[in-house]
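Student: Take this structure first; my questions come after.
Each reported figure results from applying straightforward, stated rules to the coordinates on display, with no laboratory input. Since the structure is predicted, the reported quantities are computational estimates derived from the model, not experimental observations. Here Cβ is always computed from backbone atoms with ideal geometry, including for glycine, and neighbour counts include all displayed protein chains.
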Amino acid sequence: MDHFGFAQGEMYVEGLRVSEIAEAVGTPFYCYSTETLVRHYKVFSDAFAQNDFLLCYAVKANTNQAVIKTLADQGAGADVVSEGEMRRALLAGVSPEKIVYSGVAKTEGEMAFALGQGILQFNVESEPELEQLSRIATSLGKVAAIAFRINPDVDARTHAKISTGKAENKFGVPWTRAREIYARAAKLPGIKVQGVDLHIGSQLTELAPFEEAFHRIGQLIEDLRADGHEISVLDLGGGLGIPYEQAGEQPPLPLDYAEMVKRVVGHLGCKIVIEPGRLLVGNAGILVSKVIYVKEGENRKFLILDAAMNDLIRPSMYDAYHEIVPVVESDAAPEPYDIVGPVCETGDTFARGRDIAPLKGGDLVAMRSAGAYGAVMASTYNTRPLVPEVLVNGAEYAIIRPRPSYDDIIGLDQIPAWLKE
Ligand code: LLP
């Protein structure tokens, strides 16, 4: 459930009209709802209430400081994949002992930074990474608490580009070699083995792949304990999908996910860490955009928006579906439009043949479910300024990232001396 609804024929975010914010901020802009963020956090944490449990928000989904802080104030920790993300989480007030550090290839500098913070856990993804972490920890007089990210070789049955738990994917260490790798880790001076981690993919719409992977991991934990390792933390990753189409497929509820987790791995007595990203922020955000022109093509009608693939890349990159709704309701019968942006690529298409009530230049639309992997994946392609972000809280709103000026963008380039002569 989210807090983007219609009243008196207009779209609201909590207590504010979308059109009122658009007038003040200009379009396009991302708009997030505090109440929705908090609600999603509570649904997840309540579902796990009886367990020794930590929710580490996967900040990659939306790294705005205000979004991280809203969740951190509720008690969330953070799952980070770079020094930059760790810095963001720390600055937003996440305490280091609630930070897990994932990522395929942490550099020396990043490891040293993280060791200096005293984070909860490094999720190590390879043997070379393990050796390097031990070396750096030892040189700093520290011990790194680690889990290995296990690749359980399970098909997450999601889009190939966001599936991560198959043997052919670059992620984690093979589950078949895990015992040998843990044995090596236990001998290293800068390493304290404490957990097991996995993350099999994103936007999963069924529980079965999770369950299969968690069974495999549960068995592994028993084997590792039999080998003499103390395994006290089980990090299950993120990945639970969200509904992108209100009338379409409904992914499992957090409550059902939590029940499955308890049933499959509850008996192990581990502290359970989960790393949801999309589920917390995806449906807590919209991208508001204005129609620039309506163009009659040879045999199609185009709605050309002022937002483009550089602002929200998911439709171009993953053929992702985002609902697109007029901000002001109308009784006119819907007609099929290709909804596109102004960037010079055919891939700059948000939807093809989408039925929507006829619109004209100047009308506003909202792209729903844009709170996750929206603003964070934006670029300035075609020298289009990054769009601002707005956070609504009840009847007030704040700009949580302003729109940069052209000088801000172009001024980043530097002309070398030889070209100035
Ligand atoms: N933990 C790890 C180690 C991850 O790699 C990810 C996401 C998450 C947690 C959070 O997954 P979530 O709960 O959000 O599914 N850009 C793509 C999604 C990429 C996900 C990458 N990893 C998209 O727009 O669909």
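Student: Test of understanding: extend the Cα→C-beta vector of Ala357 to 7 Å, then name every residue of the stretch 15-48 with backbone N under 17 Å from that spot.
Tutor: Taking a point 7 Å out along Cα→Cβ of Ala357, the residues of the stretch 15-48 whose backbone N falls under 17 Å are 17-20.
Student: If you place +1 on the Cβ of every Lys and Arg, -1 on the Cβ of every Asp and Glu, and leave all else neutral, what size is the dipole of the chain about its Cα centre, to the nearest 20 Debye?
Tutor: Charge dipole of the chain: 900 debye, to the nearest 20.
Student: What value does the chain have for Rg/Rh, both radii from Cα atoms and Rh as Kirkwood defines it?
Tutor: 1.01
Student: Right, next: Please report, in debye to the nearest 20, how large the charge dipole of the stretch 103-274 is about its Cα centre when each Lys and Arg carries +1 at its beta carbon and each Asp and Glu carries -1 there.
Tutor: Charge dipole of the stretch 103-274: 520 debye, to the nearest 20.
Student: Whole angstrom only: what separates the Cα centroid of the stretch 82-104 from the Cα centroid of the stretch 196-275?
Tutor: About 22 Å separates the Cα centre of the stretch 82-104 from the one of the stretch 196-275.
Student: Dividing the Cα convex hull volume of the stretch 1-125 by residue count, how many Å³ per residue is that?
Tutor: Spread over its residues, the Cα hull of the stretch 1-125 gives 133 Å³ apiece.
Student: If each of Ser19 and Leu419 carries a label point 7 Å out from its Cα toward its Cβ, how far apart are those two points in nm?
Tutor: 4.6
Student: Could you pull out every one of the lysines with an alpha carbon less than 18 Å from that of Lys290, ignoring same-chain neighbours closer than 8 positions?
Tutor: Lys301, Lys360
Student: Of Leu130, Leu37, Asn151, whose Cα points farthest to the positive end of the dipole of the chain (charges on the beta-carbon: +1 Lys, Arg; -1 Asp, Glu; origin at the Cα centre)?
Tutor: It is Leu130.
Student: Tell me, what HN-Hα J-couplings in whole Hz come from the Karplus equation 6.51 cos²θ - 1.76 cosθ + 1.60 at θ = phi - 60° for each residue of the stretch 186-201, using x for Gly and Pro?
Tutor: These are the phi-based 3J(HN,Hα) values: 5, 8, 8, x, x, 10, 10, 6, 9, x, 10, 9, 7, 7, 9, x Hz.
Student: Here is a further query. State, to one decimal in nm², a quarter of the convex hull surface area for the C-alpha atoms of the stretch 267-373, i.e. the direction-averaged projected area.
Tutor: 9.1
Student: Taking only the alpha-carbon atoms of the stretch 190-342, what semi-axes of the equivalent ellipsoid follow from 5 times the gyration tensor eigenvalues under a square root, in whole Å, largest first?
Tutor: They are 45, 16, 12 Å, listed largest first.
Student: Explain nothing, just the number: relative contact order of the chain, from Cα pairs under 8 Å at least 6 residues apart, as a whole percent.
Tutor: 19
Student: At a Förster distance of 25 Å, what's the computed FRET efficiency of Thr383 paired with Lys161, Cβ-Cβ distance as r, to 0.05?
Tutor: 0.40
Student: Right, next: For the pairs Lys106/Lys170; Lys142/Lys187; Lys60/Lys161; Lys98/Lys271; Lys187/Lys271; Lys60/Lys98, note any where the Cα-Cα span goes beyond 21 Å.
Tutor: Lys187/Lys271
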